[in-house]
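The values are calculated or read from the model by the stated rules, or taken from the named source; none is laboratory data. Please read all numbers here as calculations on a predicted model, not as lab measurements. Cβ coordinates were reconstructed from backbone atoms using ideal geometry, including for glycine residues, and neighbour counts include every protein chain displayed. Please note that ligands, DNA and RNA were not included when accessible areas were found on the heavy atoms of the full protein model with its side chains. Shrake-Rupley method; radii C 1.70, N 1.55, O 1.52, S 1.80 Å.
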Amino acid sequence: MENLSNSDIITREYFNSLLLETRYIDSSIPSTKMELFGKTFYTPIMTAALSHLGNTAENGMIVYAQAAKLSNAVHWVGMGEDRELEEIIATGAATIKIIKPHQDNKEVFRKIEHAVKAGCFAVGMDVDHSFNGQGGYDNVLGLPMKAKTTEELKSFVQAAGIPFIVKGVQSVQDAQKCAEAGCAGIVISHHHNMMPFSVPPLFILPDILKAVGDKMEIFVDCCIESGMDTYKALALGAKAVSVGRHLMPILKNGPQAVSDRINQMNGELASIMARTGVTSLDKMDKTVIHKKDF
């Protein structure tokens with residue numbers, strides 16, 4: 001029996017409830033090219049900020065980065081040692097480093113400084129790792145975490161000197177605080193059912209877009225499995241999407257296999273863009289989307 005409180009299941013159901021109309025007349029072959037923070041990418045389908053992929057595939061973190069490089073896609077990376085990040089950057093993948101909300105801000109600042117020196121083109125923090133499931137602060141692999149204030153976020157933004165992104169935003173309130181802190185972007189994500197009954201990212205996306213969409217880039221994470229899922233997120237206003245767990249089983253087959261799936265999803269996206277009259281990512285139109293009510 002399905003766990004009806006599982007946020008992944010709720011998110012999948014919401015994706016499946018969104019239907020599209022077609023617009024063939026005057027349409028043409030579309031471009032999926034994306035500009036982000038001064039860089040150009042072939043696709044708005046990005047990797048997700050995963051960590052510790054050694055149990056999934058040999059050199060899994062490196063394979064993951066190599067796949068992003070092959071697809072000319074944005075690569076995100078989560079927890080890991082400094083040396084690992086340097087090896088990831090050495091693949092040539094354009095990388096965004098996401099840092100945990102360590103209780104000791106000295107460690108946060110140290111990791112920001114290292115990410116910048118290593119060559120990341122953006123850096124950020126997954127704030128949803130602040131608390132555990134028992135009402136206390138989180139502890140990740142023996143490392144104590146703590147919730148951050150808006151003022152602390154401001155200090156991280158200033159220290160970075162490159163775009164700073166907050167991952168784990170699921171409310172207008174948090175989005176507005178990120179904008180106040182000067183963040184360059186946010187990732188709407190419930191972090192694979194971090195909290196049961198979380199709102200689906202696409203459900204809250206329009207409200208967040210209305211509140212802060214002119215102030216920062218908005219990305220979507222969680223349960224992205226196809227070009228169709230990607231299209232729905234982009235049509236509702238996301239800049240780009242991250243794909244993680246969907247790609248993990250393919251890692252054992254090497255970077256080309258992972259890249260092939262990213263490219264296949266991008267082809268699916270292009271096909272739907274063509275069939276709905278969208279010629280480029282900046283021409284996405286939310287009126288194509290209809291919510292199933294029958």
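Points to keep in mind about this one:
- Failed item in (1) at pLDDT 95 or above; (2) open to solvent by less than 40 Å² (accessible area, probe 1.4 Å); (3) within 18 Å of the chain's Cα centre (by Cα), with Lys69 passing the rest: (2)
- For beta carbons closer than 8 Å, sequence separation of 6+ or different chains, a first residue in segment 202-219 that is touching a residue at least 24 places away in the same chain (Cβ under 8 Å) and open to solvent by 20 Å² or more (accessible area, probe 1.4 Å) and a second that is among the polar types (S, T, N, Q) and assigned to a helix (DSSP H, G or I), the qualifying pairs are Ala211/Gln176.
- Any hit, segment 241-254, residues being over 30 Å from Thr56 (Cα atoms), open to solvent by less than 40 Å² (accessible area, probe 1.4 Å) and either in contact with a Pro (Cβ under 7 Å, 6 or more places away or on another chain) or at pLDDT below 95 (or both): no
- Apart from one condition, Gly38 fits all of (1) at pLDDT below 95; (2) at positive phi; the exception is (1).
- Members of segment 37-66 found to be of a type in the set (Gly, Ala, Ser) and surrounded by fewer than 20 Cβ atoms within 10 Å (Cβ to Cβ), listed by number: Gly38, Ser51, Gly54, Gly60
Condition check ((1) at pLDDT below 95; (2) open to solvent by 40 Å² or more (accessible area, probe 1.4 Å); (3) in a loop (DSSP other than H, G, I, E, B)) across all residues:
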site	(1), (2), (3)
Val157	no, no, no
Gly168	no, no, no
Lys177	no, yes, no
Met195	yes, yes, yes
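- Unmet criterion (only one of (1) farther than 30 Å from Ala274 by Cβ; (2) in contact (Cβ under 8 Å) with a residue 60 or more places away in the chain; (3) touching a Ser or Thr at 6+ places or on another chain (Cβ under 8 Å)) for Ser242: (1)
- Enumeration of residues in segment 37-49 that are in contact with a Lys or Arg (Cβ under 8 Å, 6 or more places away or on another chain) and either assigned to a helix (DSSP H, G or I) or within 17 Å of Gly124 (Cα to Cα) (or both): Ala48, Ala49
- Restricting attention to segment 50-66 and to residues that are polar (S, T, N, Q) and touching a residue at least 24 places away in the same chain (Cβ under 8 Å), the residue that is nearest to Val127 (Cα to Cα) turns out to be Ser51.
- When segment 1-36 is filtered for residues that are closer than 20 Å to Thr276 by Cα, open to solvent by less than 40 Å² (accessible area, probe 1.4 Å) and part of a strand (DSSP E or B), the ones remaining, listed by number, are Leu18, Met34.
- Pairs where the first residue, in segment 110-126, is over 15 Å from Asp82 (Cα atoms) and in contact (Cβ under 8 Å) with a residue 12 or more places away in the chain and the second is part of a loop (DSSP other than H, G, I, E, B) and open to solvent by less than 10 Å² (accessible area, probe 1.4 Å), C-beta under 6 Å, 6+ apart: Met125/Pro101
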